[in-house]
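Undergrad: Pasting a structure below so you can have a look.
The values are calculated or read from the model by the stated rules, or taken from the named source; none is laboratory data. Keep in mind it's a predicted model, so treat the numbers as computed, not measured. Virtual Cβ from ideal backbone geometry, glycine too; neighbours counted across all protein chains shown. Ligands, DNA and RNA are excluded from the accessible area calculation, which covers all protein heavy atoms including side chains. Shrake-Rupley method; radii C 1.70, N 1.55, O 1.52, S 1.80 Å.
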Amino acid sequence: MNDGRTSYTVGQVADLAGVTIRALRHYDEIGLLPPSGRSEAGYRHYASGDLERLSRILFYRELGFTLEQIATILDDPDADANEHLRRQLALLRRRIGRSQEMVAAVERALEANRMGTPLTPEEQFEMFGDVFFTEDGFTDVTGDNDQYRESTAKAASFTRQDWQRVMAAERGILERLAQVMASGAAADSTAAANLAEEYRSYMGQYFTACTPGELRDLCASFPGIPKYRATFEAVAPGLTEYLRDAASANAERHPG
């Protein structure tokens, strides 16, 4: 990634890596990616080695690791990166399997429509229920830990009626967040951050409790996960990133 420059500004790094300046500042604040230097005015300056570290961070983020896990992998000399990758590979393979099941379900639905016998609501739940509703949000972010196991156990006990309540509760929060976004309010406004906090309460009620920082990391993963992006963008275009930034703002006002 070195094109001959000795240092890069935060804006240049953001453009090169396709990340936000807010994300780079957050990585600096938590010690995950401190810049190698600063100007006399206090502006961050990144060396080529910093960019190499950022590329590794983004690689692990794409695989679904949390920022805490990434810090452990990069900084702990005793961390077994291969073991982390093997576990993540298993999760990716399982996700591919579920995607294949989903493709098969959609093909069956299309065939039913082609034959002039569209599926009834009951048949749709019968066909798609096990595909869509067996993973929770933490699967793609944290892997197999206590939060994942708790949320999976709750999800496994849900009836179809429970799932309808869960989805309606989430939809209500997302629709109100979309209204705030449409009003022109910034994602770090009080109104948006309050709804991010409400989303955190929703997660705690139906799946597993998480801190504002954990919700920030969870929402930061959503733009890169197609099924979640599809859910949020169906409510309003741009809502995925708006929720991510609102959750970040909420975490900043509730440190620790």
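Undergrad: Identify, by number, the condition in (1) farther than 26 Å from GLU101 by Cβ; (2) in a helix (DSSP H, G or I) that ALA209 doesn't meet.
TA: Every listed condition holds for ALA209 apart from (2).
Results for (1) of a type in the set (A, V, I, L, M, F, W, C); (2) in contact (Cβ under 8 Å) with a residue 40 or more places away in the chain; (3) within 20 Å of ARG244 (Cα to Cα); (4) surrounded by 12 or more Cβ atoms within 10 Å (Cβ to Cβ), shown as yes or no for each residue.
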| site | (1), (2), (3), (4) |
| --- | --- |
| ALA23 | yes, yes, yes, yes |
| GLU40 | no, no, no, no |
| ALA71 | yes, yes, no, yes |
| ARG94 | no, no, no, yes |
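Undergrad: Within the set of pairs 6 or more residues apart or between chains, which connect a residue that is more than 16 Å from LEU215 (Cβ to Cβ) inside the stretch 231-256 to a residue that is of a type in the set (Lys, Arg) and in a helix (DSSP H, G or I) with Cβ atoms less than 6 Å apart?
TA: The qualifying pairs do not exist here.
Undergrad: Determine, yes or no, whether GLU126 is open to solvent by 40 Å² or more (accessible area, probe 1.4 Å), among the charged types (D, E, K, R), at pLDDT below 75 and at negative phi.
TA: yes
Undergrad: Across the stretch 73-87, what is the number of residues that are assigned to a helix (DSSP H, G or I) and open to solvent by less than 80 Å² (accessible area, probe 1.4 Å)? So that I can check it myself, show each step before the final result.
TA: Taking the stretch 73-87 first, the residues assigned to a helix (DSSP H, G or I) are 73-75, 81-87.
Next cut, open to solvent by less than 80 Å² (accessible area, probe 1.4 Å) only: 73-74, 81, 84-85, 87.
Number satisfying all stated conditions: 6.
Undergrad: When only residues in the stretch 26-35 that are in contact (Cβ under 8 Å) with a residue 12 or more places away in the chain and exposed (fewer than 14 other Cβ atoms within 10 Å of the Cβ) count, which is farthest from ASP245 (Cα to Cα)?
TA: GLY31
Undergrad: Continuing with this model, one more query. Check whether at least one residue in the stretch 33-51 is assigned to a helix (DSSP H, G or I) and either on the phi > 0 side of the Ramachandran plot or within 24 Å of the chain's Cα centre (by Cα) (or both), and report yes or no.
TA: Just the residues of the stretch 33-51 that are assigned to a helix (DSSP H, G or I), to begin with: 48-51.
Now restrict to residues that are either on the phi > 0 side of the Ramachandran plot or within 24 Å of the chain's Cα centre (by Cα) (or both): 50-51.
Yes: the stretch 33-51 contains one or more residues that are assigned to a helix (DSSP H, G or I) and either on the phi > 0 side of the Ramachandran plot or within 24 Å of the chain's Cα centre (by Cα) (or both).
Undergrad: Would you please list the contacts, defined by Cβ atoms under 9 Å and residues six or more apart or on different chains, that run from a residue in the stretch 101-116 that is free of Cβ contacts under 8 Å to residues at least 60 places away in the same chain to a residue that is among the basic types (Lys, Arg) and open to solvent by 70 Å² or more (accessible area, probe 1.4 Å)?
TA: Listed by first residue and then by second, the contacts come to MET102/LYS227.
Undergrad: So, one more: Could you tell me which numbered condition ALA185 fails, if it satisfies all but one of (1) within 14 Å of the chain's Cα centre (by Cα); (2) surrounded by 15 or more Cβ atoms within 10 Å (Cβ to Cβ)?
TA: Here ALA185 clears every test but (1).
Undergrad: Give the residue that is modelled with the highest pLDDT, with candidates limited to residues of the stretch 214-245 that are over 14 Å from TYR199 (Cβ atoms) and among the basic types (Lys, Arg).
TA: That would be ARG229.
Undergrad: Within the stretch 201-245, how many residues are more than 13 Å from the chain's Cα centre (by Cα), farther than 21 Å from THR20 by Cβ and open to solvent by 50 Å² or more (accessible area, probe 1.4 Å)?
TA: Step one: list which residues in the stretch 201-245 are more than 13 Å from the chain's Cα centre (by Cα), which gives 201-212, 233-238.
So of that shortlist, the ones also farther than 21 Å from THR20 by Cβ come out as 201-211, 234-235.
Now drop any that are not open to solvent by 50 Å² or more (accessible area, probe 1.4 Å), which leaves 201, 205, 209, 211, 234.
Residues that pass the stated criteria total 5.
Undergrad: Within the stretch 42-69, how many residues are touching a Gly at 6+ places or on another chain (Cβ under 7 Å), loosely packed, with under 15 Cβ neighbours inside 10 Å and more than 17 Å from ARG216 (Cα to Cα)?
TA: Number satisfying all stated conditions: 0.
Undergrad: If you check GLU198, GLU175, which single one turns out to be of a type in the set (Asp, Glu), modelled with pLDDT of 95 or more and assigned to a helix (DSSP H, G or I)? Don't jump to the end; show me each part of the working.
TA: Working: GLU175 fails: modelled with pLDDT of 95 or more.
Selected residue: GLU198, the only one of GLU198, GLU175 that is of a type in the set (Asp, Glu), modelled with pLDDT of 95 or more and assigned to a helix (DSSP H, G or I).
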